[in-house]
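S.K.: Have a look at this one.
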Amino acid sequence: MKIIVTKNYEMMSKEAAKLIAAQVIRKPDAVLGLATGSTPMGMYKELVHLYDEEFLDFSKVKTFNLDEYAGLSGDHQQSFCFFMHRYFFDHINIDRQNIHLIPGVSEDPEKAKKNYLEQIEASGGIDMQILGIGLDGHIGFNEPACEFSKGMVTTDLDESTINANARFFSLKEEVPGQAYTLGIQTIMMAEQIVLMASGRAKAEIMKEALFGPIRPQIPASALQLHKHVTVIVDEDAGKLL
Ligand code: GLP
């Protein structure tokens with residue numbers, strides 16, 4: 001595991017964007033696993049900047065998002081689908097057919113989850129997975145549990161996650177109680193993983209996840225077992241590492 005501590009959020013974002021840029025240059029048809037949340041927003045901004053400067057070509061890149069709120073359709077402003085288009089896809093030359101997002105609303109969620117996993121498999125697997133981390137150690141929407149999740153799962157969001165994400169909604173009651181997420185096993189199958197964290201509030205959980213015991217109660221601790229993880233934190237989130 002490689003840990004990069006940067007001065008601030010902006011530098012963290014630039015470092016993460018550099019890793020994605022290198023991946024896309026190395027392999028123009030790279031398969032990227034993408035995350036949402038406030039943490040990667042600066043990274044997407046930097047990638048759009050690199051695209052505008054004509055350093056990057058996303059025309060052959062494929063993407064798979066990590067998770068989605070159950071019950072929010074893609075046009076809901078707080079859906080991860082909406083987020084991805086707003087901050088990234090609408091600003092680059094990605095082929096729309098290469099964008100894969102988990103449907104928050106579908107007639108048959110079980111079938112939708114199965115299809116999604118099959119599409120990942122058919123693409124040859126994820127080359128680089130971007131991750132943020134929740135205050136309780138969740139990655140994607142894999143909340144603390146009794147076992148590391150497999151395949152793709154529907155999760156009940158913990159109270160702390162609902163509280164943390166309520167800032168994006170007008171009312172806390174509007175935050176969905178469930179979500180769909182790639183499980184830990186699928187995340188661990190990515191060739192490379194980039195875990196990002198910023199801010200003092202993430203310092204304790206980063207220490208616990210990276211140096212504490214490996215256990216499903218801290219889902220991110222599974223990353224200690226992955227062969228190619230790069231952690232990028234700002235000084236505040238990296239304070240205890
Ligand atoms: C969300 C997402 C995660 C994200 C995490 C942290 O609920 N499902 O993918 O990494 O919480 O969010 P933030 O980056 O806003 O702190």
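S.K.: To the nearest 20 debye, what is the magnitude of the charge dipole of the chain about its Cα centre, counting +1 on the Cβ of each Lys and Arg and -1 on the Cβ of each Asp and Glu?
M.R.: 640 debye
S.K.: Now for a separate question. With springs only between Cα atoms under 10 Å, which of Lys172, Lys207, Lys60 fluctuates most in a Gaussian network model of the chain?
M.R.: So, out of Lys172, Lys207, Lys60, the one fluctuating most is Lys172.
S.K.: Between Phe82, Phe55, Phe148, where does the largest GNM mean-square fluctuation fall for the chain, given springs only between Cα atoms within less than 10 Å?
M.R.: Highest fluctuation among the options: Phe55.
S.K.: Now for a different question. Counting only residues 5 or more places away or on other chains, whose amide H sits under 5 Å from the amide H of Ser149 once H atoms are built in the peptide plane?
M.R.: The answer is Ile184, Gln185.
S.K.: Which one, Met12, Thr36, Asn93, is farthest towards the positive end of the dipole of segment 11-96 when Lys and Arg carry +1 and Asp and Glu -1 on their Cβ?
M.R.: Met12
S.K.: Now for a different question. Provide the packing ranking of 99-109, 61-71, 40-50, i.e. peptides ordered by the mean count of other C-beta atoms within 10 Å per residue, highest first.
M.R.: Numbers: 99-109: 17.5, 61-71: 22.8, 40-50: 20.5.
Per-residue mean Cβ counts within 10 Å order the peptides as 61-71, 40-50, 99-109.
S.K.: Report the Cα centroid-to-centroid distance between segment 106-121 and segment 148-175 in angstrom, as an integer.
M.R.: 21 Å
S.K.: Just to check I understand the Karplus step: with θ = phi - 60° and J = 6.51 cos²θ - 1.76 cosθ + 1.60, what whole-Hz values come out for segment 187-195, glycine and proline as x?
M.R.: Here the 3J(HN,Hα) series is 4, 5, 7, 4, 4, 9, 10, 10, 9 Hz.
Every number in this text was worked out from the coordinates using simple rules, so none of it is lab data. If you're wondering where the values come from, they're calculated on a predicted model, not measured in any experiment. Counting neighbours? That spans all protein chains shown, and the Cβs are built from the backbone with ideal geometry, glycine included.
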